[in-house]
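Written below as structure tokens is the structure these notes are about.
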Amino acid sequence: MVSPVYELQSLEHAYGDRAVLSIAHLTVQPASIVGLIGPNGGGKSTLLKLMGLIERPTRGKILFNGRPVEPFSDVARFQISLLPQEPFLMKRSVFKNVSYGLKLRGAKDIAVKVSEALLRVGLDGKDFSGRPWYALSGGEAQRVALAARLVLKPKVLLLDEPTASVDVASAHLIRQAALWARRELDTTLIVASHDWPWLYEVCDSILHLYNGRIFGTGRETIIFGPWEKLDGQTWGKTLSDGQRLRVPPPPGRAAAAVIDLTSVGDNERMGAEADVVLSGIVSRLSFEKKTGQVFAALLAGDLSFSIKLPHRQNESPAFFPGKTVRFRYRLDQVRWI
């Protein structure tokens, strides 16, 4: 049996007295693609820093290939590479930025390797090698930073919002280069991104981080407060289209509710006494690589809900973006987080 490339045990991290991460147990298999999703401040960047061994966790252990590892060790320098959301380029030429790690390792044929790495991210070495760092666009700088990591052929590549602030063409090239590393180098990819559709297409698994904890796979519908009393003892929200979203009494006005939809369909009879029925529009269909399942995003007022479609609806041309449907959830099954 192949050992996991990562195993996190009772991992906790805090900045001062503020806890930002708490993961009881997590394993990552070699050459897999793991997506990290969740709101800003959920712990994604902190987790990547800990797995990149550039910070020491407050508590817990990180095992790499079955062995405990320490921050800033040889494992971190030679096998793991982290591309932060805003990568730092040295005040040097593109060639010197990409070749820096190779020179530290005493590599040979550096010029050839740098040219190949630049080409991998869509940059011609003849045109770009001599350019200074300040003559690059944001997308070009991001791709140079990625080339500087790919040229080292890392065992693990950690990507923190790699396409968040680049143009469409650069985003496409960055995605393709990352997938090339997994395909050709057997590199394990761990990607934090708000590009959920892309992650669900390419990832072997998805981790949803919320308030520093692994909550699920991101397919859950989470509705955030503030909540208000609609009438009498009924709590909820009045949506922008006039519909009322009802919830049990919240633990606080700013609490977040997890709502699991139970069914979706045309305007046929649906709903029981314990159900809340809403009307919405299918805004998006998405495919999940790992399960082969199709999910629908449903827009009701200004809120979006997610539901796994039954197979009969996966195959039905009547279920399409733009279609008006009714969907329901059970009031007594709403969870608070």
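Does region 133-151 hold any residues that are surrounded by fewer than 21 Cβ atoms within 10 Å (Cβ to Cβ) and not in a helix (DSSP H, G or I), and which are they?
Across region 133-151, the qualifying residues are Leu136, Ser137.
Filter region 172-218 for residues that are among the β-branched types (Val, Ile, Thr) and closer than 20 Å to Ala148 by Cβ and give the result.
Ile174, Thr187, Thr188, Ile190, Val191
Kindly indicate whether any position in region 277-284 is under 26 Å from the mean Cα position of the chain (by Cα), surrounded by 16 or more Cβ atoms within 10 Å (Cβ to Cβ) and not charged (D, E, K, R).
Yes, region 277-284 has at least one match.
Say we look at region 30-57 and pick out the residues that are among the β-branched types (Val, Ile, Thr) and crowded, with 19+ Cβ neighbours inside 10 Å; which of these is nearest to Val69 (Cα to Cα)?
My answer is Thr46.
Where in region 22-116 are there helices (runs of 4 or more DSSP H), lying fully within it, with 2 or more residues that are without any contact (Cβ under 8 Å) to a residue 24 or more places away in the chain?
Per the criteria, 74-79, 94-104.
Would you mind telling me which numbered condition in (1) in contact (Cβ under 8 Å) with a residue 60 or more places away in the chain; (2) of a type in the set (A, V, I, L, M, F, W, C); (3) outside any strand (DSSP E or B) Ala254 fails?
Of the numbered conditions (1) in contact (Cβ under 8 Å) with a residue 60 or more places away in the chain; (2) of a type in the set (A, V, I, L, M, F, W, C); (3) outside any strand (DSSP E or B), the odd one out for Ala254 is (1).
Quick one: count up the residues across region 117-132 that are in a helix (DSSP H, G or I) and surrounded by fewer than 19 Cβ atoms within 10 Å (Cβ to Cβ).
Here the count works out to 3.
Tell me yes or no: at least one residue of region 254-273 is at pLDDT below 80 and crowded, with 17+ Cβ neighbours inside 10 Å.
No - not one qualifying residue is present in region 254-273.
The values are calculated or read from the model by the stated rules, or taken from the named source; none is laboratory data. Because the structure is predicted, anything quoted here is derived from the model rather than measured. In this analysis, Cβ positions are derived from the backbone assuming ideal geometry, glycine residues included, and neighbour counts consider all displayed protein chains.
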